[in-house]
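Student: Sending over a structure as structure tokens; questions will come in a sec.
Only the coordinates and a few stated rules stand behind these numbers; no lab work does. Everything numeric here is computed off the predicted structure, so don't read it as measured data. FYI the Cβ positions are ideal-geometry reconstructions off the backbone, even for glycines, and counts take in every protein chain you see.
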Amino acid sequence: YSFRVDWLTKTRSEEAEKRNAEMLEMLKQEALEPGEAPEDLPKGGVTQQHPGWYMHLNVDMSFADSLEEALSDARKFIKNSDFSASAFGRMGFEEQNKDFNAPIKPFKAQRLELIRQLETPKEHVGKFDFFREGFIEVGEYALTVALESLSMRDEIETAFSDAENPIRSMIGLECAVSKGKDDDWEDVATGELELEGNTVRVGDWSRDFEDHDEVAGIAFGEASVYDAIQDIVYFFDIPDKSISNGDD
């Protein structure tokens with residue numbers, strides 16, 4: 001789980017965005033475990049969550065083993081911090097200037113509102129699950145505190161006719177289809193996925209599969225179907241990995 005705090009502003013600054021992007025990358029490198037790659041860590045989408053707001057200052061980012069631990073850390077931070085960039089956040093930057101200071105100090109009521117929002121679950125499904133966020137406007141700025149988690153969904157291996165076939169979870173979603181074997185792949189179709197019996201339709205493309213065809217994949221994410229007769233694999237991918245689903 002990641003716990004992240006950011007200041008946003010209505011005024012876009014390329015210098016601030018570049019500096020904060022470098023800091024975020026640095027923080028993630030610090031959090032890597034042996035054998036992990038940067039793409040294995042949670043990816044923030046703060047400005048995508050709030051159109052019209054731009055990054056002003058990354059205040060802090062840390063990692064915890066559980067949601068409860070991350071929430072506890074967040075509560076303590078919100079109650080006690082002045083919301084300037086933390087010592088950890090400043091690491092790697094030699095110059096210590098006013099750009100690292102909080103533009104405005106939040107009042108107690110605003111801090112309590114952040115905590116209240118942060119304790120309200122938000123349902124998202126995808127490779128990177130956005131769990132909780134507190135967001136308040138403070139003068140000309142906005143303050144956001146977010147908790148995110150890398151979803152560890154189990155891969156499903158089953159037959160096409162099985163009820164757990166991950167392709168069933170993709171019905172009605174935008175899907176990209178490709179087919180191939182080894183390193184030889186080609187794009188087949190893109191569009192909304194439909195399933196009728198054993199027939200999969202995506203856009204103008206369709207394919208009939210057998211009950212026993214082998215399927216492997218992750219619900220709401222991706223799936224591959226092996227056609228033993230043609231000795232070829234069909235790969236179905238949901239490009240949008242942040243599909244909402246109240247059952248997850």
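Student: Run the simple label-point estimate for Thr120 and Asp65 please: 7 Å along Cα→C-beta, distance reported in nm.
Tutor: The modelled label-to-label distance comes out at 3.2 nm.
Student: Given 0.36 nm per residue, what is the gain on full extension from Asp204 to Asp231 after removing their alpha carbon distance, in nm?
Tutor: Additional length available on full extension: 7.4 nm.
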